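Structure, as structure tokens:
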Ligand SMILES: Cc1cc2nc3c(=O)[nH]c(=O)nc-3n(C[C@H](O)[C@H](O)[C@H](O)COP(=O)(O)O)c2cc1C
């Protein structure tokens, strides 16, 4: 589930919420899974991965991750990303482009404090995406962290990312293949509406 807080009143946010409610009603599983594509300028490579979109607060989309991971390196050198939602239960794809930034330390501490100790132990014990000798070693590191670490204090290498879209495309599949594509593109602080050919 995605938690909506004080959702922005502008059309694309309201449309996203409408589609979200339809997908929830259609029993969409994994509705919070969002693909984030990034570009690492230093190695000249594009990559994608799913994360869990936790909050949409006003116009900010927020997820949490490791600040020392490959995605974090990409965001550091190129802060523009593409995000993608697909809800098969209603056959809707939402494409997003945005600039990404870290959430504040205060925000991270509060979020971390409220999470389960098990989740926090994993966040603390894992050098995300770095190779390790075995899966057993992963479990040992996790168990050590469960016993030894302060599981209420968010480490500096972990926290939230927030992005505010400047581009949305809502794609609705139709059996007839006359798929509907609507774009909302921000220009000079206003949303420009476009219909794209399927
Ligand atoms: C459905 C789904 C949700 C995920 N949610 C998160 C998440 O919220 N945060 C996170 O760091 N990784 C999450 N992951 C793992 C990432 O896809 C990825 O493996 C990890 O973040 C390392 O990515 P990187 O090497 O590009 O930094 C999730 C994976 C899946 C399949």
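Bear in mind these aren't lab numbers, they're just calculated from the coordinates by the rules spelled out. In this text, all values refer to a predicted model and were calculated from it rather than measured experimentally. Here the Cβ positions follow ideal geometry from the backbone for every residue, glycine too, while neighbour counts run over all protein chains shown.
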(request) Compute the distance in nm between two label points, each set 7 Å from the Cα along the Cα-to-Cβ direction, one at residue 174 and one at residue 14. (result) 2.3
(request) Could you work out how far the C-alpha centroid of the stretch 64-100 sits from that of the stretch 124-198, in angstrom? (result) 5
(request) Using only the C-alpha atoms of the stretch 50-182, find the volume of their convex hull and express it per residue in Å³. (result) 147
(request) Starting from the Kirkwood radius over alpha-carbon pairs of the stretch 112-194, derive D by Stokes-Einstein at 25 °C in a medium of 0.890 mPa s and give it in µm² s⁻¹. (result) 145
(message) Ranking request for peptides 2-10, 129-137, 107-115: highest mean number of other beta-carbon atoms within 10 Å first, then the rest in descending order.
(response) 107-115, 2-10, 129-137
(request) Treat the count of other C-beta atoms within 10 Å as a stand-in for reagent exposure and order 154, 77 from fewest to most. (result) 77, 154
(request) Grab the beta carbon distance between residue 113 and residue 58, set R0 = 30 Å, and tell me the FRET efficiency rounded to 0.05. (result) 0.85
(message) Which of the three applies to the stretch 102-147, rounded, prolate or oblate, going by the alpha-carbon gyration tensor with a ≥ b ≥ c and a/c under 1.5 meaning rounded?
(response) oblate
(request) Could you calculate the contour length gain from residue 105 to residue 21, that is, 0.36 nm times the residue separation minus the distance between their Cα atoms, to one decimal place in nm? (result) 27.1 nm
(request) Normalise the Cα radius of gyration of the stretch 7-61 by 2.2 N^0.38 Å (N = residues in it) and let me know the number. (result) 1.42
(message) Taking the Cα of residue 41, stepping 7 Å toward and past its beta carbon, and measuring to each backbone N in the stretch 65-83: which are under 14 Å?
(response) 73-81
(request) If a/c stays under 1.5 just call it rounded; otherwise compare a/b with b/c (prolate if a/b is bigger, oblate if not). Do that for the stretch 153-198, with a ≥ b ≥ c from the square roots of the Cα gyration tensor eigenvalues. (result) oblate
(request) Can you figure out the FRET efficiency of residue 5 with residue 146, using R₀ = 30 Å and their beta-carbon distance, to the nearest 0.05? (result) 0.45
(request) Show that you can apply the helix-only estimate: for the chain, add -39,500 (n - 2.57) for every DSSP H stretch of four or more residues, divide by all residues, and state [θ] at 222 nm to the nearest 500. (result) -8500 deg cm²/dmol
